[in-house]
Amino acid sequence: MTIVIAAGGTGGHLYPAIALARDFVRRDSSTRILFVGTRRGIESRVLAHEGFELVMITAKPVMGKGLVDVCQAVLSVPVGIWQSWRILRQQQADLVVGVGGYTSPTVLVAAALRGISRVILEPNAYPGLANKVVGPLVQRIFLAFESAASSFDRQKVRVVGTPIREEFLAYGADSQETIKPDGQHLLVFGGSQGATAINSAVLEGLPLLRTLLPTLRITHQTGEGDYERVREAYRTLGISATVVPFLYDMPTVLRTADVVIARAGAMTIAELTACGKPAILIPLPTAIYDHQMKNARAMEAAGGAVVLPQANLTGAALSATVNEIVSDSERWNRMRRGSLAMRRIDAGERIVDECYAIMGANHDINQSFRKAGG
C-alpha cells in the first residue's frame, strides 16, 4: 500500500503528518509513505532526518501575498496538478492525505480526478483556506478542534485531535505531581523557524529572571536566522543555557521542561498537552485568521496556559510570569492538570482506522464501476 501525504511549509503542517505516517507504518510495516512538498518549506531538511521520502512539486502560497505573488501562485496551479497526477500514477497511490498549506490542494485535486481515496487533517481551531477549498473534494475531514467543524460538511467531519509522535505520548503519562524545588527548567521555542519577538523579550528579561530564579536552567531554540544574536547575548550576560537553532529531539527536551514559552501553532499545543506542560503562549499576530490566538485561548480556557499577546510583550512581564508559575507549586499543578485535560492520545489510530475503511469502500466502488463497464 502506498500513501501520499501532501504537507510542508512549516512544522505545524509537517509534524502532524509525520506522526500520522508512523501510525500507518505501525499498522502495516509494508506501507510505503511518500511526502509531497516544495523547496520553500522545511520538509527537505526535516524529512531527511525523519527517514521519509520526499518528492517536489510546483506550488506557491497565496495568503498574505501581494498581487504579483498571487498571480504567480494561481498560474502555478495547473503545473502542480499535472505534476501531482504523474506522481500519483507512477506511485500507484492508494490514499492521499492533505494537512493544509499551499502544497495540499493540487495533490488532492489530482487524487479526486484519479478516483483515489483522499482525506484532510485540520489541526487548528480555525481552518485554513487550503483545507476549506478542498473540503468538498475529500471523503473525510479530521479535526483537532470542534470549533473548526462549522466550516465543513458535518457528515464528513471527525473530531479526533492532532496526531502526535509516539515519543510524546510516552511522556504524557508521567505521574509527577509536584514541581522540582530547585533547578527548574525553562524551554523557549518559537516554532520551527524561531520567533524574533520571543527571542528578544526573553533576552530583555534575562537579568530579572536570573535574579528571581537563580537556579533556572534554560533551553532556547532560536531559529536559524537569530541563533548567533541570541547565543552571543547569553554569553555576554554570563548566563549558561543550551542555545540551538533547531530542536530535532523535541520529545526528550520537552519531557524535562517545567514551563514552556512558545508560539501557539496547532502542533505546539498538541505536543504541550500530550506532555501536560504549563505554558506561556505568545500567538503569532500575523497568523492567517488569527488562528494561533484561537488555539492559545483554547488551552488557556482549559487552565493549561497563560496567553501574552505579542503587542503587550515585555521582558519584565515575561520573566514575572515565568516566576509566578514555577514559584507557586499549587498553580503549577493546576496548569499541568489543565494541560493534560486537553491531551488526545488516539488521534493517529482513529484516523488510520477511518482511512482503511474509506480505502476499502473506495475499492469496492471502483470494482463495481469496472464490472458495469464504466
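The values are calculated or read from the model by the stated rules, or taken from the named source; none is laboratory data. Here the structure is a predicted model, which means the values were calculated and not measured. Reconstructed Cβ throughout: ideal geometry from the backbone, glycine too, with neighbour counts over all protein chains shown. Note: areas computed on protein heavy atoms with side chains; ligands, DNA, RNA excluded. Shrake-Rupley method; radii C 1.70, N 1.55, O 1.52, S 1.80 Å.
Things to note:
- Qualifying positions in the stretch 9-52 - modelled with pLDDT under 90, at negative phi and assigned to a loop (DSSP other than H, G, I, E, B): Thr10, Thr38, Arg39, Arg40, Gly41, Ile42
- Some residue of the stretch 281-301 being open to solvent by less than 10 Å² (accessible area, probe 1.4 Å), among the hydroxyl-bearing types (Ser, Thr, Tyr), closer than 15 Å to Asn124 by Cα and at pLDDT below 95: no
- Conditions (1) touching a helix residue (DSSP H, G or I) at 6+ places or on another chain (Cβ under 7 Å); (2) at negative phi: number failed by Gly303: (2)
- Residues of the stretch 322-362 that turn out to be among the polar types (S, T, N, Q), out of contact with any helix residue (DSSP H, G or I) (no Cβ under 6 Å at 6 or more places or on another chain) and over 27 Å from Leu121 (Cα atoms), as a count: 3
- Candidates Ser339, Ser327: the one that is open to solvent by 60 Å² or more (accessible area, probe 1.4 Å) and among the hydroxyl-bearing types (Ser, Thr, Tyr) is Ser327.
- Looking only at residues in the stretch 119-164 that are among the charged types (D, E, K, R) and within 20 Å of the chain's Cα centre (by Cα), the one that is farthest from Arg89 (Cα to Cα) is Glu146.
- Here Ile120 qualifies as more than 22 Å from Thr273 (Cα to Cα), surrounded by 24 or more Cβ atoms within 10 Å (Cβ to Cβ) and modelled with pLDDT of 95 or more.
- Out of Thr211, Thr215, sole residue that is over 30 Å from Val160 (Cα atoms) and in a loop (DSSP other than H, G, I, E, B): Thr215
- Any pair with Cβ under 9 angstrom, 6 or more apart, that starts in the stretch 299-327 at a residue that is under 20 Å from Leu213 (Cα atoms) and ends at one that is aromatic (Phe, Trp, Tyr): Ile325/Trp332; Val326/Trp332
- When His220 is tested against (1) at pLDDT 95 or above; (2) open to solvent by 30 Å² or more (accessible area, probe 1.4 Å); (3) within 18 Å of Gly265 (Cα to Cα), only condition (2) is not met.
- Complete set of residues in the stretch 90-111 that are open to solvent by 20 Å² or more (accessible area, probe 1.4 Å), assigned to a helix (DSSP H, G or I) and under 21 Å from Phe24 (Cβ atoms): Gln90, Gln91
- The single condition from (1) open to solvent by 10 Å² or more (accessible area, probe 1.4 Å); (2) under 18 Å from Trp332 (Cβ atoms) that Ala270 fails is (2).
- Considering the stretch 64-78, the residues that are open to solvent by 70 Å² or more (accessible area, probe 1.4 Å) and not charged (D, E, K, R) include one that is modelled with the lowest pLDDT, namely Gly64.
- For the residues Ile351, Ile365, the requirement of being at pLDDT 95 or above and either exposed (fewer than 14 other Cβ atoms within 10 Å of the Cβ) or over 30 Å from Gln184 (Cα atoms) (or both) singles out Ile351.
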